[in-house]
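*Asks:* One structure, pasted below without further comment.
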Amino acid sequence: MKLSLVPIRRRCRFLSRRREWVVLLLVLCGMIITFRYWLRNSDEVEEQPPCTVSQEQRRGLYPLLSAVSTLLSHLSITHFLCYDSLWGAIQESGPLPWDAHAHLCALNEKVSVHDEAELLRAFRRRGLALEYSSAEGQYTIRNSSSEGVKVPTVRVVLFEEDERVHMLRRVGWRRRVLPPDCDAHPTLQCFPPSLAALPLPKRPFGPLSLPAPREDIDLLKFHYPDTWWRPLQPHC
């Protein structure tokens, strides 16, 4: 007796097509689930604030900033709010909501009167740790007893006058190799010495009253030449 292979072949084709449909349905289900998961998470991200600063960090920033400003004044070092902290003083009368740190600018000619050991001792006596970045021309100051990446800091950025262009420019060896052309090299972060001329006005900064540049908007024009006319956006 001869067996016909036709029904068997038809059945095999049917099973093969059925498996293809099952695989296709599984792929479609997986794509739908993935899309819904992405959509839900993207909505959650948009609803969440871009940055958060804890109350503990905020409470620790004010006394630290007050101690630093008081000590700089005691050492006759001209200093004033700048960068994000100046923006915060203008927009919020205090730190920006997402900023856990503070920025001050200082004149290097007043800092260089004191040797490094003297500065370290002066800050250490007040329980403050002082670190200097020679590349960036910047001091970072924190409480000596504080540890961790979320500890509030005060960053003091140094500027000195370049007599060739009669502008204050940021110090640090990364910038010293650049020619004194403020327009060609924005990283020099130049601004006129008249903005830092004494006596400096005071601005509210939370519960504090701190020195500010003579024309705060003018300084922001130099710090943020492309965005100074609109409120600063989070960058954290």
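*Asks:* Out of curiosity, is Ala102 open to solvent by 30 Å² or more (accessible area, probe 1.4 Å) and at pLDDT 95 or above?
*Replies:* So Ala102 fails the test.
*Asks:* While we're here: Determine whether Asp226 is at pLDDT below 95, of a type in the set (D, E, K, R) and in contact with a strand residue (DSSP E or B) (Cβ under 6 Å, 6 or more places away or on another chain).
*Replies:* No.
*Asks:* Write out, first by first residue and then by second, each pair whose Cβ atoms fall under 7 Å of each other, whose residues are 6+ apart or on separate chains, and whose first residue, in the range 160-178, is in contact (Cβ under 8 Å) with a residue 60 or more places away in the chain while the second is of a type in the set (Phe, Trp, Tyr).
*Replies:* If the second residue must be of a type in the set (Phe, Trp, Tyr), the pairs left are Leu168/Phe159; Leu168/Phe191; Val171/Phe159.
*Asks:* Something else now. Is it the case that Leu232 is in a strand (DSSP E or B) and open to solvent by less than 70 Å² (accessible area, probe 1.4 Å)? Steps first, please.
*Replies:* Numbers: in a strand (DSSP E or B): no; open to solvent by less than 70 Å² (accessible area, probe 1.4 Å): yes.
No; evaluated as a whole, the condition is false for this residue.
*Asks:* Can we say Asp162 is open to solvent by less than 40 Å² (accessible area, probe 1.4 Å), more than 21 Å from Ser73 (Cβ to Cβ), more than 18 Å from the chain's Cα centre (by Cα) and acidic (Asp, Glu)? Write out each step before concluding.
*Replies:* Working: open to solvent by less than 40 Å² (accessible area, probe 1.4 Å): yes; more than 21 Å from Ser73 (Cβ to Cβ): yes; more than 18 Å from the chain's Cα centre (by Cα): yes; acidic (Asp, Glu): yes.
So Asp162 passes the test.
*Asks:* If you don't mind, another one. Residues of the range 64-94 being modelled with pLDDT of 95 or more and open to solvent by 80 Å² or more (accessible area, probe 1.4 Å), which ones?
*Replies:* Thr70, His74, Ser76
*Asks:* Residue check: is Leu220 open to solvent by less than 70 Å² (accessible area, probe 1.4 Å), touching a Phe, Trp or Tyr at 6+ places or on another chain (Cβ under 6 Å), farther than 26 Å from Gly60 by Cβ and not in a strand (DSSP E or B)?
*Replies:* Values: open to solvent by less than 70 Å² (accessible area, probe 1.4 Å): yes; touching a Phe, Trp or Tyr at 6+ places or on another chain (Cβ under 6 Å): yes; farther than 26 Å from Gly60 by Cβ: yes; not in a strand (DSSP E or B): yes.
Answer is yes for this residue.
*Asks:* Also, I was wondering about something else. Within the range 47-141, which helices (runs of 4 or more DSSP H) (wholly inside it) include 3 or more residues that are in contact (Cβ under 8 Å) with a residue 60 or more places away in the chain and of a type outside the set (A, V, I, L, M)?
*Replies:* Helices (runs of 4 or more DSSP H) meeting the threshold: 55-74, 83-91.
The values are calculated or read from the model by the stated rules, or taken from the named source; none is laboratory data. Keep in mind it's a predicted model, so treat the numbers as computed, not measured. Positions of Cβ are backbone-derived with ideal geometry, glycine not excepted, and every protein chain shown enters the neighbour counts. With ligands, DNA and RNA removed, areas are computed over all heavy atoms of the protein, side chains included. Shrake-Rupley method; radii C 1.70, N 1.55, O 1.52, S 1.80 Å.
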